[in-house]
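The values are calculated or read from the model by the stated rules, or taken from the named source; none is laboratory data. These numbers come from a predicted model, not from an experiment. A quick note on method: Cβ atoms are made from the backbone with ideal geometry, for glycine too, and the neighbour counts reach across all protein chains shown. Accessible surface areas use protein heavy atoms only, side chains included; no ligands, DNA or RNA. Shrake-Rupley method; radii C 1.70, N 1.55, O 1.52, S 1.80 Å.
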Amino acid sequence: MKRRVIFISSTAAAMLVFMAAAVAGAERENKTSSLGALWSSAREEGDDLGGPPTTVQEEEERHLDGGFSTLEGMLQWSIGHSDPEKLKEAALDIERLSSQDLKQRQVEIKELMDKLKTPSDAELMKIAINDLNNLSISLDDRHRALQELLILVEPIDNANELHKLGGLTAVIKDLNHSNPDIRTISAWILGTASQNNPFVQNQILELGALAKLIERAHSEFVEEAIKALHAISALIRNNLEGQQLFYKEAGDLMLQKILSNSSIDIRLHRKSVFLLADLVDCQLQSRSDAQLPFSSNHILLKSVVDLTVSTDLDLQEKALYAVKSLLILRSTDALVFKDICELDLALGRMKQQLQQLILDDQYKEYALDIENLRKEVELIFLRKLEKGKPASTQQLGLMALQ
């Protein structure tokens with residue numbers, strides 16, 4: 001990011017001088033010209049291109065994101081961040097130059113502009129990747145290079161070019177770095193690049209990064225574990241091959257270990273429950289009858305049910321959604337949820353919690369929505385229990401529900 005700011009600042013400075021020269025030249029040819037006229041002309045030219053002119057605020061936001069879309073945008077940003085009096089003085093100084101000196105100055109500025117041309121995203125990615133491949137680079141510079149890549153891979157086109165430039169290999173290698181911050185941001189980059197991007201998902205999977213990310217999800221450094229889970233979720237979402245590899249690498253045991261640990265950071269609980277529900281939903285959408293590995297993992301299922309009575313409302317809702325999806329699976333045994341997970345008792349405790357929240361105006365609307373979901377889960381659960389009973393007891397159960 002530092003490199004890009006230097007490029008922009010230098011180019012903007014050159015443009016201001018060039019603009020002052022342009023103003024001075026215009027003064028000589030047309031005394032009615034002014035800085036205001038030049039500004040107006042720039043805006044009108046933008047209008048002719050078929051869109052609203054870019055405001056200084058919008059260009060500043062683009063600058064903070066790492067660059068300007070056009071030189072005109074940089075010009076507008078430069079004007080908006082310049083002292084009008086100093087700019088006017090610079091224009092007057094240049095106006096005193098002879099025609100020959102003025103032309104020479106414009107040639108010099110043009111040459112400078114060519115040298116300071118803002119590099120493309122691809123060029124910036126190459127610079128960052130080269131830094132990562134430099135074994136003698138300092139820890140701070142390695143961290144900065146990764147931060148730049150994290151921003152650059154957000155657009156899907158840039159993410160698709162990352163492997164071609166050698167970036168994926170370099171980032172995956174840093175998952176083994178001795179510094180936890182480096183490992184954390186490396187996992188973050190992989191998650192960002194593969195988000196809703198099957199092309200990059202498959203590239204990362206082929207490079208064998210999933211096993212290392214699952215290992216990092218057990219890290220004692222919370223932020224590293226969180227970013228590893230983020231990357232895993234992004235990597236295997238809607239990717240059947242990735243999900244099969246996840247189970248092969250004992251990903252279900254990873255989820256069990258996290259969800260059954262009551263003292264772990266609650267953010268890890270949230271991400272793990274979300275990942276579990278996402279895996280089940282993908283199975284439901286594929287209409288596959290294959291049994292998921294965690295369908296018979298009683299410790300994991302019990303852990304998810306226990307989270308439905310969490311004091312964290314977001315986690316409680318996520319856990320309830322996960323239970324609902326699990327119950328819809330054909331391979332799910334309702335008796336396991338009753339006798340081992342004690343889902344009926346958990347739903348009862350949850351009902352009491354929600355009744356208290358409904359009395360609080362701050363949480364009333366939310367609590368009512370969750371109560372409707374709780375009732376839906378309870379109905380699915382009872383119906384599934386009935387299906388598992390002999391015909392004679394099924395009839396009695398249905399009569400009781402009515």
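Quick one: count up the residues across segment 272-324 that are under 26 Å from Gln352 (Cβ atoms) and among the acidic types (Asp, Glu).
4
Under 6 Å between Cβ atoms, which residue pairs at least 6 apart in sequence (or on different chains) link something in segment 230-258 that is in contact (Cβ under 8 Å) with a residue 12 or more places away in the chain and polar (S, T, N, Q) with a partner that is crowded, with 19+ Cβ neighbours inside 10 Å and assigned to a helix (DSSP H, G or I)?
Note: pairs meeting the criteria are Ser233/Leu275; Asn239/Gln201; Gln243/Ile236; Gln256/Leu300.
Before we move on, is Ser186 part of a helix (DSSP H, G or I), small (Gly, Ala, Ser) and within 19 Å of Asp140 (Cβ to Cβ)?
Numbers: part of a helix (DSSP H, G or I): yes; small (Gly, Ala, Ser): yes; within 19 Å of Asp140 (Cβ to Cβ): yes.
When the stated conditions are applied, Ser186 passes them.
Test of understanding: among Ser178, Ser233, which residue is over 29 Å from Cys341 (Cα atoms) and of a type in the set (Gly, Ala, Ser)?
Ser178
Every residue in segment 104-155 that is under 30 Å from the mean Cα position of the chain (by Cα), acidic (Asp, Glu) and in a helix (DSSP H, G or I), please.
Correct list: Asp121, Glu123, Asp131, Asp140, Asp141, Glu148.
For the condition at pLDDT 95 or above, open to solvent by 20 Å² or more (accessible area, probe 1.4 Å) and of a type in the set (A, V, I, L, M, F, W, C), what is the one hit in Ala217, Ala211, Ala228? It would help to see each step written out before you state the result.
Numbers: Ala217 fails: open to solvent by 20 Å² or more (accessible area, probe 1.4 Å); Ala228 fails: open to solvent by 20 Å² or more (accessible area, probe 1.4 Å).
Criteria check complete, one pass: Ala211.
Out of everything in segment 232-246 that is of a type in the set (A, V, I, L, M, F, W, C) and open to solvent by 10 Å² or more (accessible area, probe 1.4 Å), what residue ends up being modelled with the lowest pLDDT? Explain how you work it out, then say what you get.
Initial filter on segment 232-246 (of a type in the set (A, V, I, L, M, F, W, C)): 232, 234-236, 240, 245-246.
After this cut, where a residue has to be open to solvent by 10 Å² or more (accessible area, probe 1.4 Å) as well, the list is 240, 245.
On the way: Leu240: 92, Leu245: 96.
Looking at residues that are of a type in the set (A, V, I, L, M, F, W, C) and open to solvent by 10 Å² or more (accessible area, probe 1.4 Å), I get Leu240.
Tell me yes or no: at least one residue of segment 164-174 is assigned to a helix (DSSP H, G or I) and either over 25 Å from Gly251 (Cα atoms) or within 15 Å of the chain's Cα centre (by Cα) (or both).
Initial filter on segment 164-174 (assigned to a helix (DSSP H, G or I)): 167-174.
Now restrict to residues that are either over 25 Å from Gly251 (Cα atoms) or within 15 Å of the chain's Cα centre (by Cα) (or both): 167.
Among the residues of segment 164-174, at least one is assigned to a helix (DSSP H, G or I) and either over 25 Å from Gly251 (Cα atoms) or within 15 Å of the chain's Cα centre (by Cα) (or both), which makes the answer yes.
In segment 271-289, which residues are open to solvent by 50 Å² or more (accessible area, probe 1.4 Å) and in a helix (DSSP H, G or I)? Walk me through how you get there before you give the answer.
Taking segment 271-289 as the starting set, the residues that turn out to be open to solvent by 50 Å² or more (accessible area, probe 1.4 Å) are 271, 274, 281, 284-289.
Selection gives Lys271, Phe274, Asp281, Leu284, Gln285, Ser286.
Looking at segment 79-94, which of its residues are modelled with pLDDT of 70 or more and open to solvent by 70 Å² or more (accessible area, probe 1.4 Å)?
If the condition is that a residue be modelled with pLDDT of 70 or more and open to solvent by 70 Å² or more (accessible area, probe 1.4 Å), then Asp83, Pro84, Glu85, Lys86, Lys88, Glu89, Leu92, Asp93 are the ones that fit.
Listed here are the residues, each with its yes/no results for (1) in contact with an Asp or Glu (Cβ under 9 Å, 6 or more places away or on another chain); (2) assigned to a loop (DSSP other than H, G, I, E, B); (3) within 25 Å of Glu223 (Cα to Cα).
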site	(1), (2), (3)
Leu253	no, no, yes
Ile258	no, no, yes
His269	yes, no, yes
Val304	no, no, yes
Leu326	no, no, no
Phe337	yes, no, no
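Across segment 358-380, what is the total count of residues that are without any contact (Cβ under 8 Å) to a residue 40 or more places away in the chain and either more than 18 Å from Ser325 (Cβ to Cβ) or of a type in the set (Gly, Ala, Ser) (or both)?
Let us first name the residues in segment 358-380 that are without any contact (Cβ under 8 Å) to a residue 40 or more places away in the chain, namely 358-362, 364-365, 367-369, 371-372, 375, 378-379.
Within this subset, residues satisfying the condition of being either more than 18 Å from Ser325 (Cβ to Cβ) or of a type in the set (Gly, Ala, Ser) (or both) are 358-362, 364-365, 367-368, 371.
Residues meeting the conditions: 10.
Look through Lys324, Lys338, Lys318, Lys351 and report the one residue that is without any contact (Cβ under 8 Å) to a residue 24 or more places away in the chain, of a type in the set (Lys, Arg) and open to solvent by 10 Å² or more (accessible area, probe 1.4 Å). Full working, then the answer.
Values: Lys324 fails: without any contact (Cβ under 8 Å) to a residue 24 or more places away in the chain; Lys338 fails: without any contact (Cβ under 8 Å) to a residue 24 or more places away in the chain; Lys318 fails: without any contact (Cβ under 8 Å) to a residue 24 or more places away in the chain.
Exactly one residue qualifies, and that residue is Lys351.
Mind counting the residues in segment 112-138 that are modelled with pLDDT under 75 and either open to solvent by 70 Å² or more (accessible area, probe 1.4 Å) or of a type in the set (Phe, Trp, Tyr) (or both)? Can you show your working first?
Within segment 112-138, the subset modelled with pLDDT under 75 is 112-117.
If we keep only those that are either open to solvent by 70 Å² or more (accessible area, probe 1.4 Å) or of a type in the set (Phe, Trp, Tyr) (or both) too, we end up with 112, 114-115, 117.
Count: 4.
Scan segment 354-386 residue by residue and report those that are assigned to a helix (DSSP H, G or I) and open to solvent by 70 Å² or more (accessible area, probe 1.4 Å).
Our first condition is that a residue be assigned to a helix (DSSP H, G or I); within segment 354-386, this holds for 354-358, 364-386.
Those that are assigned to a helix (DSSP H, G or I) and open to solvent by 70 Å² or more (accessible area, probe 1.4 Å): Gln355, Gln356, Lys364, Glu365, Leu368, Asp369, Asn372, Lys375, Glu376, Leu379, Arg383.
Listed here are the residues, each with its yes/no results for (1) within 15 Å of the chain's Cα centre (by Cα); (2) at pLDDT below 95.
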residue	(1), (2)
Asn160	no, no
Ile182	no, no
Trp188	yes, no
Asn196	yes, yes
Gln203	no, no
Phe221	no, no
